[in-house]
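The values are calculated or read from the model by the stated rules, or taken from the named source; none is laboratory data. None of the values given here were measured: they were computed from a predicted structure. In this analysis, Cβ positions are derived from the backbone assuming ideal geometry, glycine residues included, and neighbour counts consider all displayed protein chains.
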Amino acid sequence: MNRGNAFIFTLAITGLFFILPLLSGADMKGKTKEEQKDGIPKFFIPKAPASENFPCSKCHNYKPADKSKRKLVLYHTDIVFKHAGEQQWCYDCHDGDKLRLQNGQLVGFEKSYYLCGQCHGTVFRDWKAGIHGKRTGMWNGEKLYRLCVSCHDPHQPRFKPLEPKQRPMKPQEIKLDRG
Amino acid sequence: MSKKIRSNPLGIELNRRTFLKGAAAGLAATVVRPAAAGAFNWDSFLQKHFREMNDAEIKKVIGRLEKEAAVEWKKNIHIGTAKAMPGVKFGYGLDLSRCIGCRRCVYACVDENNQSRTPQVHWITVLRFKKGEKWIDLENSEKYYSPKQVPEKDFFYMPVQCQQCENPPCVKACPTQATWKEPDGIVVIDYNWCIGCRYCMAACPYGARRFNWAKPNIPADEINPETHYLGNRPRYKGVVEKCTFCIQRTRAGKYPACVEVCPVGARKFGNLLDPKSEIRYLIENKRVFRLKEDMNTNPKFYYFFATNITQAD
Amino acid sequence: MGNIIKNFFKSLWQITRGDIKYYIWIAFLFVLIALGISAYARQLDDGLIITAMRDQVSWGVYISNFTFLVGVAAAAVLLVVPAYLYNFKPIKEIVLFGEMVAIAAITMCILFIMVDLGQPLRVWHLLPVVGLMNFPSSLLAWDVIVLSGYLFINLLLVLYALYRLSIGKEYKLSLILPLILLSIPWAVSIHTVTAFLYNGFPSRPFWNASILAPRFLASAFCSGPAIMLILFQIIRKLTKIEIEDRALFKIAELVAYAMGINLFLLGAEVFKEFYSGSIHKAPLEYLYLGLHGKMRLVPWMWTALVFNVTAFVIFLIPKIRENFITLNIGAVLIVLGVYIEKGMGLVIPGFVPDTLGEIYEYWPVRPEFIITIGIWAFGALLYTLLLKFAIPVYTGELRFKGGEDAAIDPAMINKHRREKSEY
């Protein structure tokens, strides 16, 4: 699904720090029983965008993390956190190379929607139904889904403003053009 | 203009400009100009209505039209005639809580559907409304907004295009049956049958229909060669056109171009007769409304609100 | 057969004869028509983009003129009713000229539709049988039928009357009475159908008022007869036709009633829109007050209103309407007033604001004016030629073979001789 990647890049809405492809795309063949039960769509989901810091164990295997909530001054200073106000901290979601759900269960980055869905239940439901988020592909067949993080920077999920395309011409500006 | 002197049989010397002035004054102008435009041909003049033709006739006509188009647009253009799929009625959803008014859809549509660049033809109009005032106050809406960035703090946006009414006033109005509703619910136009009276434009409550006030112009390298007879094949001067839900794409199973380009995923599309389709889900689970429902046009274009927040908060 | 050809050439000869004023008039019309045709040629070549019409206001001055002229054509019936049904002699004598006005007006209507089409060569698509007429669904299809039917009825009536006269006989009323009776509801129908053409769509609240068709008829019965008042006086002056003052005053009286109703209906509309104050009042507001500072039509609409009210007063008071100076002022005021009110004043507010609330201030540009004037010149030419042929037939100067001389009024012949000796 090269087109899927192309779309991701054209989106350019996501934070700019996602560069490398990560993990294998969770395609339909790899669906777990649990996902089927949850009504996770049986369609192609493009790979999760990756950070250059991934895998976390690259560094955190050597440097045990200070898990106390504080302002980061040495590392990860590029991460601007604008999500759920002051309530959140790295370890609310991250655990090693995995993501940690509220019940302690660890999930891979390719299944990050479980993490997001914990708070954004209605949006999660809409996303599964194809109502939230962008779909491409076939309306009556294989659809290309995107992960939440394909469009939203998880650390500051609000979309960045865009420059709008040119306004239409006013009727009095529409003139005969023989050229 | 050159000052070249022309002599004529009478031996009177006239420069070119005087000569042309004299010629243009009378009926001579009538004869000269359309001859330059050329292009009258009997086959095209006598071409039957699309729905009156049998398959063999359609094939012949398509052959001729493709040849004409190749000459006219300097590019090989394929004109498809795919029929409506059985058991399909198309519906469209647009999430007003998501739309940021960026007009990506407008221009994706122009590219996909071979709309004229000059004079400009847009099938999609994005309207901007002030928040907290009269709801859908069209008279105070703004179509020509042009800020540096969208969304703007105090506004929300609503794109409008053909609503593919189940009870389309334009079809009722057309004196020649040049526009009609297909079995899959798409309202189409036979560009070779339309006489350009624009009665349908008067009838449409959504300002969805566009007229080719002049010969459409599209740079050859920007032409989309994959077309449909009832959809995006290049049009003629003096005929009406409009959104067809990208008939050339959707009858091949693809999403319309505006759905695929929307950066915020506000646009939804699917089969209204399929209970598992996205469009059915949103109609059943979201607050939907249709534009100007008091007109009983019964549009298949649903505006909805997926969330209770808007992007500009 | 030989006779027919001979008679044809005789008629042709007749319409090419005239004094210098006649030739100047005809030449003048030809120049205007030629200008119109060359502007139309440019429009064919470049497209309707050379007009001021755009998607927002997709009909303009062409359709406005069409609407006005349908009214003029329908108004011929205002002469037919007193002439044939009440046998009012003074009008009966001139009803023929009224029917000829209808013929010229319908022809102009057809031309105005033609120049408004984006693909005029495809006009055959809307004909029954050869084309694919959307009948009975489209009101435009209805309009094609009623307009061409009305043209046909009037042509038949005029040709038959002239034919009988040309062979020196009165026409047989019993033969054409059914046609005349048919022409009355038919005249009402062309106007009603044209009103319904606008009326039928909720997309345009200004047109979607049930008062539209009655208002159409009322204003038609003002403008058509007012035009005839002026024309008949010109005919009376320039030719040997005698038209009684009584006939003119009767017409003026009828116009007064029609204008009264027209103004009342306008008042009803203004009250309903402004008192209820819904968003649908916007077009009327645009017309009379201006909308969001856009007031292109405001001065015109007030002019029309002042003209119509003044003319109404003039025509209502017998003393004033029976004075030819005030009568003519009144007639001119009505023609102009109704032309504004029922032309641009009716078509444009259907599109302003447009269905998405945009206000585009349409105002015709030069090519539209030239084409419009060209069509009016063509109508004038057609009416002149019809008169040129009909008047001598009417006065007995022109007779075709097969007629019985005995049937001609000797007084006419004497008068004819007298005129001839003057040359």
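A few comments on the model shown:
- Qualifying positions in region A:104-127 - within 26 Å of residue B:151 (Cα to Cα) and either among the charged types (D, E, K, R) or within 8 Å of another protein chain (Cβ to nearest Cβ) (or both): A:122, A:123, A:125, A:126
- Which listed residue is touching a residue at least 40 places away in the same chain (Cβ under 8 Å) and more than 20 Å from the chain's Cα centre (by Cα), from C:339, C:286: C:286
- Hey, residue B:150 surrounded by fewer than 24 Cβ atoms within 10 Å (Cβ to Cβ), on the phi < 0 side of the Ramachandran plot and in contact with a Phe, Trp or Tyr (Cβ under 7 Å, 6 or more places away or on another chain) or not: no
- Residue, surrounded by the fewest Cβ atoms within 10 Å (Cβ to Cβ), within region B:286-299, restricted to residues that are outside any loop (DSSP other than H, G, I, E, B) and either more than 9 Å from every other protein chain (Cβ to nearest Cβ) or under 22 Å from the mean Cα position of the chain (by Cα) (or both): B:293
- Here residue B:131 clears all of (1) out of contact with any helix residue (DSSP H, G or I) (no Cβ under 7 Å at 6 or more places or on another chain); (2) within 14 Å of chain C (Cβ to nearest Cβ); (3) over 16 Å from residue B:243 (Cα atoms) except the condition numbered (2).
- Pairs linking a residue in region B:104-121 that is at the interface with another protein chain (Cβ under 7 Å from one of its Cβ atoms) to a residue that is at pLDDT 95 or above and part of a helix (DSSP H, G or I), with Cβ atoms under 7 Å and 6 or more positions apart or on different chains, are B:104/B:261; B:119/C:49.
- Looking only at region B:232-281, residues that are in contact with a His (Cβ under 7 Å, 6 or more places away or on another chain) and among the aliphatic types (A, V, I, L, M) come to 1 in all.
- Residue A:99 being more than 8 Å from chain B (Cβ to nearest Cβ), modelled with pLDDT of 85 or more and not in a helix (DSSP H, G or I): yes
- Qualifying residue in region B:210-223 (condition: in contact with a His (Cβ under 7 Å, 6 or more places away or on another chain) and either crowded, with 23+ Cβ neighbours inside 10 Å or modelled with pLDDT of 95 or more (or both)): no
- Among all residues of region C:299-310, there is none that is of a type in the set (A, V, I, L, M), assigned to a helix (DSSP H, G or I) and more than 30 Å from residue C:248 (Cβ to Cβ).
- Matching residues, region A:118-134, being part of a helix (DSSP H, G or I) and of a type outside the set (A, V, I, L, M, F, W, C): A:118, A:121, A:122, A:125, A:126, A:128
- Hey, residue C:49 modelled with pLDDT under 95 and in a helix (DSSP H, G or I) or not: no
- So residue B:267, is it surrounded by fewer than 19 Cβ atoms within 10 Å (Cβ to Cβ) and closer than 28 Å to residue B:170 by Cα: no
- Qualifying residue in region C:289-299 (condition: of a type outside the set (A, V, I, L, M), touching a residue at least 40 places away in the same chain (Cβ under 8 Å) and surrounded by 20 or more Cβ atoms within 10 Å (Cβ to Cβ)): no
- Identity of the residue in region B:271-285, assigned to a helix (DSSP H, G or I) and of a type in the set (A, V, I, L, M, F, W, C), that ends up surrounded by the fewest Cβ atoms within 10 Å (Cβ to Cβ): B:283
- The listed residue being in contact with a helix residue (DSSP H, G or I) (Cβ under 6 Å, 6 or more places away or on another chain), modelled with pLDDT of 95 or more and of a type outside the set (D, E, K, R), out of C:229, C:217, C:265: C:265
- Filtering region C:39-55 to residues that are more than 11 Å from chain A (Cβ to nearest Cβ), small (Gly, Ala, Ser) and touching a residue at least 24 places away in the same chain (Cβ under 8 Å) leaves only C:39.
- Taking first residues from region A:134-152 that are facing chain B (nearest Cβ under 8 Å) and among the aliphatic types (A, V, I, L, M) and partners that are assigned to a loop (DSSP other than H, G, I, E, B) and surrounded by fewer than 19 Cβ atoms within 10 Å (Cβ to Cβ), the Cβ contacts under 7 Å between residues at least 6 apart in sequence or on separate chains come to A:138/B:253.
- Qualifying residue in region B:178-196 (condition: in contact (Cβ under 8 Å) with a residue 12 or more places away in the chain, touching a Phe, Trp or Tyr at 6+ places or on another chain (Cβ under 6 Å) and within 9 Å of another protein chain (Cβ to nearest Cβ)): yes
- Answer from C:128, C:82, C:120, C:136 - the residue that is within 13 Å of chain B (Cβ to nearest Cβ) and modelled with pLDDT under 90: C:128
- Enumeration of residues in region A:55-94 that are surrounded by 10 or more Cβ atoms within 10 Å (Cβ to Cβ) and either touching a Leu at 6+ places or on another chain (Cβ under 6 Å) or of a type in the set (A, V, I, L, M) (or both): A:65, A:72, A:79, A:80, A:84, A:93
- Of all residues in region B:153-165, those satisfying the criterion of being buried (at least 17 other Cβ atoms within 10 Å of the Cβ) and either assigned to a loop (DSSP other than H, G, I, E, B) or not hydrophobic (A, V, I, L, M, F, W, C) (or both) are B:157, B:159, B:161, B:162, B:163, B:164, B:165.
- The residues of region C:59-83 that are within 20 Å of residue C:212 (Cα to Cα) and of a type in the set (Gly, Ala, Ser), listed by number, are C:60, C:64, C:71, C:73, C:74, C:75.
- Residue list for region B:33-47, restricted to those being modelled with pLDDT of 90 or more and assigned to a loop (DSSP other than H, G, I, E, B): B:46, B:47
- Within region A:135-176, the set of residues being under 25 Å from residue B:211 (Cα atoms) and not in a loop (DSSP other than H, G, I, E, B) comprises A:171, A:172, A:173.
- Scanning region B:201-231 for residues that are farther than 27 Å from residue C:140 by Cβ, more than 9 Å from every other protein chain (Cβ to nearest Cβ) and either over 14 Å from the mean Cα position of the chain (by Cα) or outside any strand (DSSP E or B) (or both) yields B:218, B:219, B:220, B:221, B:222, B:223, B:224, B:225, B:226.
- Selection count, region A:81-103, where residues are aromatic (Phe, Trp, Tyr) and free of Cβ contacts under 8 Å to residues at least 60 places away in the same chain: 2
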